[in-house]
Amino acid sequence: MATVIAPNSTTAESSNHSSLVGNIRDWLLMPSWLVIGLFLVMPVLMMLVYSFLTKEFRGGVIWEFSLAAYDQFFIDRGLFGDEPIKIEWTYINIFWRSFWQAGLATTFCFLIGFPTAWYIATRTGNSKHIWLFLITIPYWVNLLIRTVSLKFLIRDNGPVNDWLLTLGAISEPLSIINTNLAVQLGLFYSYLPFMVLPIYASVERYNFALSEAAADLYAGRWTILAKIVLPAVKPGIIAGCILVFVPSLGAFLAPDLLGGAKNFMIGSLIEEQFKGNAGNWPFGAAISMILLSMVLVVLTYYARSQTRRENS
């Protein structure tokens, strides 16, 4: 006599199995959530709270609610606070300089990183792995050491100027240190691999038969690049731009060591507020929150625009 299995029993077993898998997944993710909560969410919440507190004279904060930090960033009330209210352009200009420097660094990294990533992805055999190995070598050394080494290379009596003088390309040493160019070199040198690796990952997945088909239809090289290659590897390009732009925006080593006081950036301004007893912790926290809010707005806008394009 045949045994009949009720459909409900099968459905129940499937539901129990899914529930068990979900519980295991949640437990496995628990360490990651703890790390994110302790080392990402908690520090951000601390900075948010500090930005609404009062500055302590010897550094630190007084637990009294105040909007003085945000008022200091946006409004200029004069030396003694009794002058007519004006917009505080000093910090706004620092933000503008930082966005401009970060955008320029991202552009340069893309112009060099895209051909580099394409070249590596189209190699065969072990040469591809050797090139990837060479790209990641700088990250074996601390960023501070690399930045100081770059300062040694481009200083007035450094190897770069000596080499150019020997070749006869210049008649006197170039003053590169404490300029925008020096900051750009520092940002470019620090974050170029962040552009190369995501683009490399996208190019490696690219179907080169698409380019061959376009060439068979008499499309030129630039047309193939603009209409086929760039749209296909766009996710890697966007990821690389974000990975370069955001760290460049908050960088302080390159501006401090290579740019000097005339090339102050947001990272340097924030760092200055937390150093020594004369620091203004609420003001530094407020600047951090303003910067974080601006970055989140840009990233949220991009994410929503991408979602709308995918759904359309």
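Observations on the structure shown:
- With a cut-off of 10 Å between beta carbons, the residues surrounding Gly186 carry a summed charge of +1, where Lys and Arg count +1 and Asp and Glu -1.
- Among residues other than Asn263 with Cβ under 10 Å from its Cβ, the summed charge is +1 (Lys and Arg +1, Asp and Glu -1).
- Rounded to the nearest 20, the Cβ-based charge dipole of the chain about its Cα centre (Lys and Arg +1, Asp and Glu -1) stands at 640 debye.
- In order through segment 174-181: 3J(HN,Hα) via Karplus (6.51 cos²θ - 1.76 cosθ + 1.60), integer Hz, x for Gly, Pro: 7, 8, 8, 4, 6, 10, 4, 4
- Whether the chain is rounded, prolate or oblate, judged on the alpha carbon gyration tensor where a/c under 1.5 counts as rounded: oblate
- Close amide-amide hydrogen proximity is noted between Val61 and Glu56, each under 5 Å apart and 5 or more residues distant or on a separate chain (H modeled in the peptide plane; Pro and chain starts excluded).
- Within-13-Å neighbourhood charge of Ile290 [Cβ basis; K, R +1; D, E -1]: -2
- The order of Asp71, Asp156, Asp256, going from fewest to most other C-beta atoms within 10 Å of their C-beta, is Asp156, Asp71, Asp256.
- Computed helical MRE - 222 nm, the chain, DSSP H runs ≥ 4 contributing -39500 (n - 2.57), nearest 500: -21500 deg cm²/dmol
- Cα centroid separation - segment 46-95 against segment 236-305, whole Å: 18
- Listed residues Ile266, Ile137, Ile290, most fluctuating in the chain (Gaussian network, C-alpha, under 10 Å): Ile137
- Residue among Gln72, Val233, Gly125 farthest towards the positive dipole end of the chain, charges placed on Cβ: Gly125
- Anisotropy class of segment 96-273 from Cα gyration tensor, a/c 1.5 cut: prolate
- GNM remark for the chain: springs join alpha carbons under 10 Å apart, and the peak mean-square fluctuation among Trp140, Trp63, Trp33 falls on Trp33.
- Using a Gaussian network model of the chain in which every pair of alpha carbons under 10 angstrom is joined by a spring, one finds that among Ser149, Ser32, Ser66 the greatest mean-square fluctuation is at Ser32.
- Cut-off under 5 Å, modelled amide H: who pairs with Ala251 long-range: Gly267
Every read-out reported here was derived from the displayed coordinates using simple, explicitly stated rules and does not represent laboratory data. Everything numeric here is computed off the predicted structure, so don't read it as measured data. Counting neighbours? That spans all protein chains shown, and the Cβs are built from the backbone with ideal geometry, glycine included.
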